[in-house]
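J.: First, the structure itself, so that you have it in front of you.
Nothing in this text is a laboratory measurement; each read-out follows from the coordinates by a stated rule. Quantities reported herein were computed from a predicted structural model and do not represent experimental measurements. FYI the Cβ positions are ideal-geometry reconstructions off the backbone, even for glycines, and counts take in every protein chain you see.
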Amino acid sequence: MYNEAIINDTKQMVREKLFNEGTGHDWYHIERVWKMSLNLAEKEKANRFIVGLAALLHDLIDDKLVTNKDEAVQEVMYWLDGVGVSSTDSEKILEIIETISFKGGNSRKLHTIEAQVVQDADRLDAIGAIGIARCFAYAGSKGNPLFDPELSVREKMTEDEYRKGKTSAVHHFYEKLLKLKDLMNTDAAKEMAEERHAFMEDYLTKFFNEWEGK
């Protein structure tokens, strides 16, 4: 059952934690993913309560944002227990947020439609116009250049190499963002991804023309 009070309490908690986050994983990213997740859940007849909470909490254990993932997972568990989420639902939510990340193409298999919905929503926010803006925001936060023509695109990476290897904002398009269209799970997300993918391709064409002084 969809519990509006638990959702609202969780929204407020996450907003306070991530409001000033500067890598593109801020509260507004969470809010967009939450809205998109509910949109997809409606179409896929997924559990909106599970989907909604997983979408709101999905970045609180992301190793891009936390230094100790185990502690972060414990904090999420305590939160869910504290607001009255059942242990069964908590397990489903934790499984989703621990499995949906890209991780250099080393993602784990998703077992539920709820996980597929949240992953699709998160990935849709990584592509298109907002995805481009987030890509450059993240690169800037890590001190990575806009583009380095001397770097090669990394095709196969371990999760550690993906997180720590040398790259640029534009390389990230080829190492992740342009792959996401073909990794969507649901039909609705696949359809939306087509337009966002095409926008990124057009952007890159313009970027390289300007890079060459054309």
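J.: How would you rank Ser152, Ser90, going from fewest to most other Cβ atoms within 10 Å of each one's own Cβ?
T.: In order of increasing Cβ crowding within 10 Å: Ser152, Ser90.
J.: Of Trp34, Trp79, how do they rank once you tally other Cβ atoms within 10 Å and put the fewest first?
T.: By the 10 Å Cβ count, ascending, the order reads Trp79, Trp34.
J.: Taking Cα atoms, how many degrees apart are the long axis of helix 128-141 and the longest axis of the chain, rounded to 10 and kept between 0 and 90?
T.: Value to nearest ten degrees: 80.
J.: In deg cm²/dmol, rounded to 500, what helix-only [θ] at 222 nm does the chain give when every DSSP H run of at least 4 residues adds -39500 (n - 2.57) and the total is split over its residues?
T.: Calculated from helices alone, the mean residue ellipticity at 222 nm is -20000 deg cm²/dmol.
J.: Put a dot 7 Å past each Cα toward the Cβ at Leu204 and Asn20; how far apart are the dots in nm?
T.: Computed distance between label sites Asn20 and Leu204 equals 3.6 nm.
J.: Tell me, what ³J(HN,Hα) does each residue in segment 168-173 have, in order and in whole Hz, if you take phi through Karplus 6.51 cos²θ - 1.76 cosθ + 1.60 with θ = phi - 60° and put x for Gly and Pro?
T.: Couplings: 9, 4, 5, 4, 5, 4 Hz.
J.: What's the exposure ranking of Glu175, Glu201, going from fewest to most Cβ atoms within 10 Å?
T.: Neighbour counts put them in this order, fewest first: Glu201, Glu175.
J.: Mind listing the phi-derived Karplus ³J(HN,Hα) values for segment 153-158, rounded to whole Hz, using 6.51, -1.76 and 1.60 with θ = phi - 60°, and x for any glycine or proline?
T.: 6, 8, 8, 10, 9, 6
J.: While we're here: Could you tell me whether segment 90-166 comes out rounded, prolate or oblate from its Cα gyration tensor? Rule is a ≥ b ≥ c as square roots of the eigenvalues, rounded for a/c under 1.5, then prolate if a/b exceeds b/c, otherwise oblate.
T.: prolate
J.: About its Cα centre, what dipole magnitude does segment 74-198 give when the only charges are +1 on Lys and Arg Cβ and -1 on Asp and Glu Cβ, stated in debye to the nearest 20?
T.: For segment 74-198, the charge dipole is close to 480 debye.
J.: How big is the chain in terms of Cα radius of gyration and Dmax, in angstroms?
T.: So, for the chain, Rg and Dmax equal 17.4, 59 Å respectively.
J.: May I ask you to evaluate 6.51 cos²θ - 1.76 cosθ + 1.60, the Karplus curve with θ = phi - 60°, for each residue of segment 28-45 and list the ³J(HN,Hα) values in order in whole Hz, giving x for glycine and proline?
T.: 5, 4, 4, 4, 5, 5, 4, 4, 5, 4, 5, 4, 5, 4, 4, 6, 9, 6
J.: Another one. If we count every other residue with Cβ under 12 angstrom of Val14's Cβ, Lys/Arg +1 and Asp/Glu -1, where does the sum land?
T.: In short, -4.
J.: Can you tell me which lysines have their Cα less than 18 Å from the Cα of Lys11? Leave out same-chain residues fewer than eight positions away.
T.: Lys35
J.: Which one, Met36, Val118, Met200, projects farthest toward the positive side of the charge dipole computed for segment 4-211 from Cβ point charges (K/R +1, D/E -1)?
T.: Checked the options; the winner is Met200.
J.: Lysines within cross-link reach of Lys166: Cα-Cα under 27 Å, excluding same-chain residues under 8 positions apart?
T.: Correct list for Lys166: Lys64, Lys69, Lys103, Lys142, Lys156, Lys176, Lys179, Lys181, Lys206.
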